[in-house]
Amino acid sequence: MKKNFYLILIILYCSGMTFSSCRNGNSKKSTNVTSDSIRGTQSDAIIHYAKGFWLEQKKNYQILHIKDPQSQNSAEYTFALRQRGTQTNIPDNLEIIDLPVKGFICMTSLQLSNFIRLGATDKVVGISSTRFLNNPTMKQQLSEGKTKKIGIEGNFDPEIIMSLAPDIILISPFKQGGYDAMKEVDIPLVPHLGYKEMTPLGQAEWIKFVGLLIGQEQQANKIFSEIEKKYNELKTLTAKVKHRPVVLSGEIHGGTWYAVGGQSFLAQVFKDAGADYFLKDDPRSGGVNLDFETVYNQADSADYWRILNSYPGTYSYEVLKAQDERYADFKAFKRKGVIYCNMREKAYYENMPMEPELLLSDFIKVFHPDLLPDYQPVYYHLLKD
């Protein structure tokens, strides 16, 4: 898709083209599509857990449907998938993606995690941020100029994007992304909504989405089957635990305590690990903003407190108390029940989405250590000092 830079600038000013693959959330789905299967003669993938994408088979192509798994009323994005080099009669309202896709721009570490696990980072020609980039292969690609940084959300560099000429750009449309400058460029903007999935296996199953696009479906299926097997085996360990500890999560910033609802990814992990999230009865699946008093009234006696941040130094109870003295009033603080992960030290969002069985093991090790006596935590550990 190499194009003269000045020609693309003209397109930017003149085309007025909108994100044509986005449809109103109330649009009717095809009657021959189910939400838990990916079907068609061109695809080997079967989807069991992910709720944010599915395929509809047509005569000589497939329609890829993408929708926010947390909202039935959200926009639906549709794309026509065809084998590269073939001629098909595709409706004008569908943006076409030729398979296999050769070059991607990734906007998030979670998207990147799929390529890392598939050993396909060579297909990532651009990324939006390198703040917490840990993967050695990606670092080498950046140093050699094989992958380039395109800027941060809200301040992307269009010249770099155009020079990279990716086949598609993976986006997170429900975040503040600054994608308006990209919409008019002749490059499909394809939502990757793995971060919106409400279960660990649902999030991990997006590897099949990337596998489909790059022509590595069988490998993606095999990897996911291994993840699924390990995760579900671990779940059986906690199925009959007699004591389920209560877990608090989040921190307060600017007077607001940021947590997630009881139908979230995190709540499900805690449940599978044999614990109860302090907001388990909250019906929301996304972020929840609370004041300190509300959190304290519901979780002052919680057994554990999960914290994920990027503190620049050695994190400790002393550091935690210095952030807000009221933290010391929680039972989890007093009894040293803080479960901690530092993103400066761990490649959390690069690897964890494709290693939910390790995340689950980390929490089981904390909540029920007798069940995994020899396990060494990978991401989260109990803060001792």
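Observations, loosely collected:
- Here region 42-79 is the region considered, the condition is being of a type outside the set (D, E, K, R) and over 23 Å from the mean Cα position of the chain (by Cα), and the residue that is modelled with the lowest pLDDT is Q42.
- Members of region 122-150 found to be crowded, with 20+ Cβ neighbours inside 10 Å and not aliphatic (A, V, I, L, M), listed by number: K123, G126, S128, T147
- Scanning region 217-250 for residues that are surrounded by 18 or more Cβ atoms within 10 Å (Cβ to Cβ) and touching a strand residue (DSSP E or B) at 6+ places or on another chain (Cβ under 8 Å) yields P245, V246, V247, L248, S249, G250.
- Within region 163-190, tally of residues that are farther than 14 Å from Y77 by Cα and at pLDDT below 90: 12
Let's see how each residue does on (1) closer than 26 Å to G313 by Cα; (2) in contact (Cβ under 8 Å) with a residue 24 or more places away in the chain:
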{"residue": "Y340", "(1), (2)": "yes, yes"}
{"residue": "R344", "(1), (2)": "yes, yes"}
{"residue": "E355", "(1), (2)": "yes, yes"}
{"residue": "D362", "(1), (2)": "yes, no"}
{"residue": "V366", "(1), (2)": "yes, yes"}
{"residue": "L371", "(1), (2)": "no, yes"}
{"residue": "Q376", "(1), (2)": "yes, no"}
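- Hey, Y231 of a type in the set (F, W, Y), outside the structural domain of P373 (by TED's automatic domain parsing) and at pLDDT 95 or above or not: yes
- Evaluated against (1) over 21 Å from W257 (Cα atoms); (2) at pLDDT below 95; (3) not acidic (D, E), G286 falls short on exactly one condition, (1).
- Residues in region 322-335 include none that are on the phi > 0 side of the Ramachandran plot and either free of Cβ contacts under 8 Å to residues at least 40 places away in the same chain or assigned by TED's automatic domain parsing to the domain that holds C106 (or both).
- All helices (runs of 4 or more DSSP H) inside region 59-165 with 3 or more residues being closer than 25 Å to L201 by Cβ and polar (S, T, N, Q): 109-118
- Residue check for K222: out of contact with any Leu (no Cβ under 7 Å at 6 or more places or on another chain), at pLDDT 95 or above, more than 19 Å from R335 (Cα to Cα) and basic (K, R): yes
- Scanning region 279-290 for residues that are closer than 13 Å to V246 by Cα and surrounded by fewer than 23 Cβ atoms within 10 Å (Cβ to Cβ) turns up K280, D281.
- Scoring E293 on the criteria (1) surrounded by fewer than 18 Cβ atoms within 10 Å (Cβ to Cβ); (2) of a type in the set (D, E, K, R); (3) farther than 18 Å from A332 by Cα leaves a single failure, condition (3).
- Test for A302: is it surrounded by 17 or more Cβ atoms within 10 Å (Cβ to Cβ), touching a residue at least 60 places away in the same chain (Cβ under 8 Å) and either in the same structural domain as H253 (by TED's automatic domain parsing) or in contact with a helix residue (DSSP H, G or I) (Cβ under 6 Å, 6 or more places away or on another chain) (or both): no
- Lone unmet requirement of (1) crowded, with 18+ Cβ neighbours inside 10 Å; (2) farther than 12 Å from L383 by Cβ; (3) among the aliphatic types (A, V, I, L, M) for A322: (1)
- Scope region 111-152; condition touching a residue at least 24 places away in the same chain (Cβ under 8 Å) and basic (K, R); matching residues: R117, K123, K146
The values are calculated or read from the model by the stated rules, or taken from the named source; none is laboratory data. Computed from a predicted structure; not experimentally measured. Cβ atoms come from the backbone with ideal geometry, glycine included; neighbour counts cover every protein chain shown.
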